[in-house]
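The values are calculated or read from the model by the stated rules, or taken from the named source; none is laboratory data. This is a predicted model, so every value here is computed, not measured. A quick note on method: Cβ atoms are made from the backbone with ideal geometry, for glycine too, and the neighbour counts reach across all protein chains shown.
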Amino acid sequence: MTFHNHVGGWVDATGGGTYVRENPSDTRRAVGTFADSGPGDVALAARAGAAAQPEWAARSGVDRGGVLARTAALLRERSQSIGRELSAEAGKPPAEAAGEVERAADVLDYFAALGRQPVGSSYESARPGVELRTLRSPRGVVGVITPFNFPAFVSSFKVGAGLMAGNAVVWKPSPLTPLTGLRIVEAFLDAGLPAGLLSYVTGTSAALGAALVEDRRIAAVSFTGSTAVGRAVEAAAVARGIPAQVEMGGHNALVVLADADLDRAAAAVVDGAFGGAGQKCTATGRVFVQAAVAEQLTARVLELTGRLRVGPVDGPDAQIGPLIGRQALEAVVTAVDTAVGAGAELLHGGGRLTVEPCGHGYFMAPTVLAGVRQDMAIAHEEVFGPVVTLTEVADLEEAVVRVNDSEYGLSAGIFTTSLAASETFARSVEAGTLNVNLPTTGVEPHVPFGGLKASGSGPKELGQGALDFYTNQKTVAVFTR
């Protein structure tokens, strides 16, 4: 089936190009054929957004929130059907995929509720008879670039915040998961979003994303993806003098101290490292375990890992699906091979799964490594696949040093029964999201989310301040006498 861009209506790419998205569980099957767009399509979308945005901005926040709330309701009604399509293109088990659509609805409901919250602040002035207040206004047309790993959830909190703030949005999804976003666009339209406010432009060319940042009508851009691309997006935005919000990579660490509940800790390691085939920006890539319990934790992790069922997501009981594509799989296999070649010990997995039912997809065995030194690439570089390293440390002090010895700072966690240790960890570790006796994964819509160091730049996403990025703040002074 052939799917189209949405720019005021469903349209082909201006150049007429298309591409086929394969099913990563079984490459013999296709998800569909999609528009392969270029800079000209971005220009049309930005022009449509600029024309539609003033009327939308003039509406009340309550009115805009109503559209988001109706969209959320439609996503819940359609969560199973959208989830099946998300599962096919992203390689997630259907229940997990449908759950992501439900989470997308939750985040839209959260932003919808902000339409009834106070806007701006009032201040006392030092000048008699003067009233001071702040107000916020939309930026105009904003661009969002979204990743493949959470095509419903991440997309909804970027698009939802942009629209709730009164902007028009030009949305470029990952070319690997174009169908899920298309269904979200349909839900917005069916909920009454006016034409032109949300443009959806698919394509495989790097020039497409570049055009989104460079178009003179785009007033801000929000990006989630790799650190290398995120830095390029940020640099291009800075060159134009527009704000950029970039969420990038992570090489997230979990610390397990000797006093921890080892069963819970092992479950968190396996869930954080292998859930979503390890293709989460908050996935657990590094585990630092206190030497006194290293053997016990390793045994528990290997036992749980050995029970995982990997296979096509349309199968009856698969827990772990494929990686998103051939390039992703090859990169993960290379990272593991390089680590083993440098002296790391392979405890489990380590290669592509080719035996049926995995023979026609991009499946990787959940992989556990030990004996990783800090001079190895895998100690510092994000793998973005089902791979975790287990490293012994003497104490919390050494663990914190090892956790912070990374260019990334997205998420980190600790397992301990000591309140003092957890507080020291929270104050010492350089990461935007910290978890105590929980996996490194997990995001809730009402609290800020974003990374430090090479994991993120610009205002945080989600939470009460999520609309800050999408608005201009003004200070108003009025002489009232």
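Among the residues of the stretch 32-75, just one is crowded, with 24+ Cβ neighbours inside 10 Å, polar (S, T, N, Q) and more than 24 Å from the chain's Cα centre (by Cα), namely Q53.
Exactly one residue among A268, A260 is under 20 Å from the mean Cα position of the chain (by Cα) and outside the structural domain of D109 (by TED's automatic domain parsing), and that residue is A268. Being surrounded by 18 or more Cβ atoms within 10 Å (Cβ to Cβ) and either in a strand (DSSP E or B) or outside the structural domain of L419 (by TED's automatic domain parsing) (or both) is a property that V255 has.
Residue count for the stretch 233-252 under the criterion of being crowded, with 18+ Cβ neighbours inside 10 Å and of a type in the set (G, A, S): the result is 4. The set of residues from the stretch 258-268 being buried (at least 22 other Cβ atoms within 10 Å of the Cβ) and over 27 Å from G456 (Cβ atoms) comprises A260, A266. Condition test on G272, is it among the small types (G, A, S), closer than 17 Å to A412 by Cβ and outside any helix (DSSP H, G or I)? It is false that G272 is among the small types (G, A, S), closer than 17 Å to A412 by Cβ and outside any helix (DSSP H, G or I).
Sub-6 Å Cβ pairs linking a first residue in the stretch 369-386 that is in the same structural domain as T282 (by TED's automatic domain parsing) and in contact (Cβ under 8 Å) with a residue 60 or more places away in the chain to a second residue that is among the β-branched types (V, I, T) and in a loop (DSSP other than H, G, I, E, B), at least 6 apart or interchain, are A379/V372, ordered by first then second residue.
Taking the stretch 83-189 as the region of interest, the strands (runs of 3 or more DSSP E) fully inside it that hold 3 or more residues being crowded, with 22+ Cβ neighbours inside 10 Å and modelled with pLDDT of 95 or more are 141-145, 168-172.
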